[in-house]
Amino acid sequence: MEILINIKETITVQEALDFIQSPECGGEVIFAGTVRNHTKQREVLKLFYECYEAMAISEMQKIAVKVQEKWAIQKLVMLHAVGDKYPGDLAVVIAVASAHRGIAFDACEYVIDLLKETVPIWKKEFFADGEIV
Amino acid sequence: MGILLFGAAKDIAGVPVLEKPAHISDVAALKAWLYEVYPSLQQLKSMMIAVNRAYATDEQTISQQDEVAVIPPVSGG
């Protein structure tokens with residue numbers, strides 16, 4: 001399995017797509033997580049993402065190992081943005097390519113769920129009413 | 001090495017790095033010390049400790065050379 005893991009200010013779907021292109025794969029699944037303009041009916045102005053980068057990369061690599069143990073996935077991409085992010089901005093991209101679509105869907109959902117659970121990245125929400133959580 | 005703080009733990013302590021007292025030799029003792037010095041940390045839903053960039057159990061020992069970090073509930077994605 002070929003893996004691309006990156007944490008940086010700005011991420012794009014295109015770089016994930018470019019990486020997973022492969023003549024051997026017939027199923028490419030991409031999850032794009034973007035910043036929502038509300039949380040529980042309160043307007044959100046922006047999010048600020050910070051990370052413990054060295055450990056975050058290490059935890060993402062552990063997720064990749066688990067994916068490899070479970071499914072015959074050819075390519076896996078995990079990208080996460082950091083810094084100030086505004087509604088509509090990309091925060092996370094997961095991309096998976098395999099011969100057929102079924103396992104690509106399963107693996108993609110598994111990766112984003114586990115990433116949200118284990119990877120040391122934190123968001124701060126800046127609300128329109130002035131509160132910061 | 002110092003203790004790295006992130007997210008809500010950093011906000012509570014007001015600093016990104018703390019000096020580790022010499023007498024602390026395992027994760028359980030570190031947590032107890034942190035809760036004593038910063039009682040507000042108890043309001044966190046969880047507080048994990050990472051040793052050398054991996055989640056550690058309470059029993060794990062900590063030496064002076066280890067990279068230690070306080071990990072409040074993560075919220076990436």
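The values are calculated or read from the model by the stated rules, or taken from the named source; none is laboratory data. Note that this is a predicted model, so its numbers are computed, not measured. When we count neighbours, we look across all protein chains shown, and the Cβ atoms used for this are built from the backbone with ideal geometry, even at glycine. Side chains included, ligands, DNA and RNA excluded: accessible areas come from the protein's heavy atoms. Shrake-Rupley method; radii C 1.70, N 1.55, O 1.52, S 1.80 Å.
Report, to the nearest 10°, how far helix B:27-37 tilts away from the longest principal axis of the Cα atoms in chain B, using its own Cα long axis and a range of 0 to 90°.
The helix B:27-37 is inclined about 60 degrees to chain B.
Convex hull volume of the Cα atoms in the range A:1-90, per residue, in Å³?
116 Å³
Leaving out ligands, DNA and RNA, what percent of the accessible area of the range A:2-127 is carbon and sulfur, probe 1.4 Å?
Of all accessible area on the range A:2-127, carbon and sulfur atoms account for 50 percent.
When a/c reaches 1.5 or more, the comparison of a/b and b/c decides; with that in mind, is the range A:4-54 rounded, prolate or oblate per its Cα gyration tensor?
oblate
Using only protein heavy atoms and a 1.4 Å probe, how much accessible area in total is buried between A and B, to the nearest 100 Å²?
1600 Å²
Under 19 Å from the 7 Å Cα→Cβ point of A:ARG42, by amide nitrogen: which residues of the range B:1-44?
Once the point is set 7 Å along Cα→Cβ of A:ARG42, B:7-9, B:11-12, B:43-44 turn out to lie under 19 Å by backbone N, inside the range B:1-44.
Keeping all protein chains in place, calculate the accessible area per residue for chain A (probe 1.4 angstrom), answer in Å².
Per-residue value: 50 Å².
Compute the accessible area of each residue in the range B:15-63 twice, once for its chain alone and once with every protein chain present, using a 1.4 Å probe on heavy atoms, and list those whose area falls by at least 40 Å².
B:ARG53, B:TYR55
How high is the relative contact order of chain A, given as a whole-number percent (alpha carbon pairs under 8 Å, six or more residues apart)?
So the answer I get is 40 percent.
What per residue convex hull volume, in Å³, comes out for the range B:3-71 when only alpha-carbon positions are used?
Expressed per residue, the convex hull around the Cα atoms of the range B:3-71 is 78 Å³.
Taking the Cα centre of the range A:1-115 as origin and charging only Cβ (+1 Lys, Arg; -1 Asp, Glu), how large is the dipole, in debye to the nearest 20?
320 debye
Quick check: convex hull of the Cα atoms in the protein assembly as shown, volume per residue, rounded to a whole Å³?
Per-residue hull volume (Cα only) is 126 Å³.
How many angstrom lie between the Cα centre of the range A:32-59 and the Cα centre of the range B:8-77?
22 Å
Need one value for A:116-125: mean number of C-beta atoms belonging to other chains within 10 Å of its residues' C-beta atoms.
Neighbouring Cβ atoms belonging to other protein chains average 6 per residue here.
Could you please state how large a percent of the accessible area of chain B is carbon and sulfur, counting protein chains only and using a 1.4 Å probe?
It is 53 percent, rounded to a whole number.
Work through the residues other than B:GLN42 whose Cβ is under 12 Å from its Cβ and net out their charges, Lys, Arg +1 and Asp, Glu -1.
+1
What is the sum of charges, Lys and Arg at +1 and Asp and Glu at -1, for the other residues whose Cβ falls under 14 Å from the Cβ of A:VAL13?
Net charge in that neighbourhood comes out at -4.
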